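Here is the structure we will look at.
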Amino acid sequence: MNVAVRLLIALAVALTSLGAMSPERSEQPADETEIRIGNLMPYSGKLAEFAAIGRAQAAYFDMINAQGGINGRKIRFISRDDNSDPTVALDMTRKLVEQDNVHLIFGSFGTPGNLAIRRFLNEKKIPQLFPVSGADELSDPKAFPWTMGWQPSSQAAGRIYANYIQATYPQRKIVIVWQNDHFGNDLHKGIQKGLGDLKRMIIVGLAFDVADEHIDGHVSILKRSGAEILLFAGVPTAASQVIRFAADLHWHPALLLNDAAASIGATLGPAGAQKSAGVISATFLKDPTDPAWKDDPAIKNWLNFMDKYYPDGDKGSGAALYGYAAAETLVQVLKQCGNDLSRENIMRQAASLKDFEVSVLLPGIKVNTGTDDYRPIKQMRLVQFDGRTWQLIGDVIDTAFTDGQNK
């Protein structure tokens, strides 16, 4: 596809009206009554199941505006569909900065797109806050001081799974299935690093594409390997298929899922609660579909929020809850800014979060940042599904200390 065609597509997509976008004209100049926030989401394309993140972010800001805004300013959230295309992401980011005059870019989805816009934003000194990615490259304050991640590192999560295997299933044969993209490769790399010399126990590694229609065949091959441990890293729909196919083949390995796929509503329920019993994950957010949280005040607030501000959304969506939680973190940053909404102060406050408790994080997990610490969430908790709810395993794990030991 030549450059001219890409630019035409980018322009057409950028002008598309989305339910998550502000109804006001984004071309109006910024003033002292508003805070302009730019965002990129895959509202279409192969990763559109994560578009709920952007819609929940928009709804959260609608709620904040209904409550009077932040320090007397209303939020204008300008969210564009980049179709998970890094070239489109860069074109749209330029428009958000140069034409829409956003104060910052917040919560954009995906590693490739965020890496594509990172250099431009840092050269322009525009905050790139809380991208939806676990890539370590998006939390490097020395090289890119205007880019700050949010969720735990994907490689660190991989090391947590590796440590759990070392402690619980030593010398057992392992197979790994991972999504063939930056996220999946990072998690796979973290598992290998965490296992150390025990990575020799990985007898099969299989990468798959999001649009892969042969998950059942892959699972059949993996079963014949004789492995006793199956690690999966990918989207919820594929995870659900893997669980169901494995059970139908009467294969019952210890099954570990990445946190984005560890949803009762999106993954385990569709696969079958009994077939999913025993699944293990490492996560940091509460599962809104878990009966264990039905009386939790934060989840009750979440359900009320969904009813009022995102009524068409799925209350059980882990993606939507993620967007809600990230938006809650950004609002705290903006509140700390007071009347100084300069980009420099926005970054200064983002790097000054101390034990901030996002309401829907698992107990014991807090947000902390510093000038040399651009990974706000560094903790996770191991959980296991008992066929009905997630059961916590052990204490909070600091992902900064999860490197595997050679065995």
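The values are calculated or read from the model by the stated rules, or taken from the named source; none is laboratory data. Since this is a predicted model, take the numbers as computed values, not measurements. Here the Cβ positions follow ideal geometry from the backbone for every residue, glycine too, while neighbour counts run over all protein chains shown. Each accessible area value is taken on the protein alone, full model and side chains, heavy atoms only, with ligands, DNA and RNA left out. Shrake-Rupley method; radii C 1.70, N 1.55, O 1.52, S 1.80 Å.
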Quiz prompt | Accessible carbon and sulfur surface of the chain relative to its total accessible area, %, 1.4 Å | solution = 49
Quiz item: Counting Lys and Arg as +1 and Asp and Glu as -1, each charge on the Cβ, what is the dipole of the chain about the Cα centre in debye, to the nearest 20?
Solution: 600
Quiz prompt | Choice from Pro288, Pro297, Pro131 with maximal GNM fluctuation in the chain (Cα, 10 Å cutoff) | solution = Pro297
Self-check item: Cβ-based charge dipole, the chain, positive-most Cα from Met92, Asn258, Asn114
Solution: Asn258
Exercise. Could you check what % of the DSSP bridge pairs in the chain are antiparallel, to the nearest 5?
Key: 30
Practice problem: About the Cα centre of segment 159-265, how large is the charge dipole given +1 on each Lys and Arg Cβ and -1 on each Asp and Glu Cβ? Please answer in debye to the nearest 20. | Solution: 520
Quiz item: Here are some values of Rg and Dmax of the Cα atoms in Å: (1) 20.9, 64; (2) 22.2, 64; (3) 18.7, 56. Which one was computed from this structure?
Solution: (1)
Quiz prompt | Solvent-accessible area per residue for the chain (1.4 angstrom probe, square angstrom) | solution = 41
Practice problem: Could you pull the accessible area for His188 with a 1.4 Å probe, rounded to 10 Å²? | Solution: 30
